[in-house]
Amino acid sequence: NLMNDPVRIFFEGTRSHLWFLIGLLCALLISGFLLALNQTILLVMVSVGLYLVGVLAKSYADTPLGIDLGFNTRFGPFFSTLLFVTGYLLSGRRPEQRWAKFGLVIFVIGCVMHFSEIYFLWKRYGTWPEHDYVIGTYFMGLGVALAALSNHPLLRSRSLGKIGEMTLGVYVVHFSVVLLLIGGLIGSIFGFEGF
């Protein structure tokens, strides 16, 4: 089905759990293009705009502000670009230990926003409270990133550092493991094949 719709391949990829790789590629292409033109401010504006479009077409789709794009905006450039650009902008700064406290505060504010938005969407518009991203989600991620980059003594762990080197590989293969192990186990218990 995806081969008949090449635009959908660009936004979704071939497997749902690999959406992040397509999102990363889109973010890299957009960022690389605009940074090559020396348009950092435009890049920030485009990334914020893409994030808002993504939220309006997904979590806020049932509201009067919602829009219908006909595909899942979790995939592609909509959410990944702002996260990628934020990382790029943070990479130009020298991390400080005080970022840990600042990051924690931003994370808590993001959590309050995130869950308040989800609750509001559920109670006001009947949207099932299962969302990939809302506006507050960005601030949760920013807070965690700032805390992690702070290199605060409480966050230093040699064993976690070793695991971190395997993150991409684990992420790419985890879905296969889930399908083979858990899908096979559940299938054998309930008497059906596959997941």
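For VAL170, the criteria (1) in a helix (DSSP H, G or I); (2) surrounded by 16 or more Cβ atoms within 10 Å (Cβ to Cβ); (3) at pLDDT below 95 hold in every case but one, which is (2). Within segment 14-22, not a single residue is surrounded by fewer than 17 Cβ atoms within 10 Å (Cβ to Cβ), more than 16 Å from the chain's Cα centre (by Cα), of a type outside the set (A, V, I, L, M) and at positive phi. Mind listing just one residue for me: the one in segment 89-115 that is in a loop (DSSP other than H, G, I, E, B) and farther than 10 Å from ALA147 by Cα and, of those, least open to solvent (accessible area, probe 1.4 Å)? Out of the qualifying residues, it is GLY92. Residues satisfying the criterion are present in segment 44-52 (criterion: open to solvent by 50 Å² or more (accessible area, probe 1.4 Å), among the hydrophobic types (A, V, I, L, M, F, W, C) and under 14 Å from the mean Cα position of the chain (by Cα)).
Exactly one residue out of THR63, THR86 is part of a loop (DSSP other than H, G, I, E, B), hydroxyl-bearing (Ser, Thr, Tyr) and open to solvent by less than 30 Å² (accessible area, probe 1.4 Å), and it is THR63.
With respect to the conditions (1) out of contact with any Gly (no Cβ under 9 Å at 6 or more places or on another chain); (2) surrounded by 22 or more Cβ atoms within 10 Å (Cβ to Cβ); (3) in contact (Cβ under 8 Å) with a residue 40 or more places away in the chain, PRO77 lacks only one, and its number is (1).
Scan segment 79-111 residue by residue and report those that are among the small types (Gly, Ala, Ser) and either out of contact with any Ser or Thr (no Cβ under 6 Å at 6 or more places or on another chain) or under 19 Å from LEU52 (Cα atoms) (or both). Break it down into steps so the answer makes sense when it comes.
Step one: of segment 79-111, the residues among the small types (Gly, Ala, Ser) are 80, 87, 91-92, 100, 103, 110.
If the condition is that a residue be among the small types (Gly, Ala, Ser) and either out of contact with any Ser or Thr (no Cβ under 6 Å at 6 or more places or on another chain) or under 19 Å from LEU52 (Cα atoms) (or both), then SER80, GLY87, SER91, GLY92, GLY103, GLY110 are the ones that fit.
For segment 125-139, a residue qualifies if it is in contact (Cβ under 8 Å) with a residue 24 or more places away in the chain and either open to solvent by less than 40 Å² (accessible area, probe 1.4 Å) or not aliphatic (A, V, I, L, M) (or both), and the qualifying residues are TYR125, GLY126, THR127, HIS131, ASP132, TYR133, VAL134, GLY136, THR137, TYR138, PHE139.
The values are calculated or read from the model by the stated rules, or taken from the named source; none is laboratory data. What you are looking at is a predicted structure, and each value in this text was computed from that prediction instead of being measured. Neighbour counts are summed over all protein chains in view; Cβ atoms, including those assigned to glycine, are modelled from backbone coordinates with ideal geometry. To get the accessible areas, we keep the full protein, side chains included, count just its heavy atoms, and leave off ligands, DNA and RNA. Shrake-Rupley method; radii C 1.70, N 1.55, O 1.52, S 1.80 Å.
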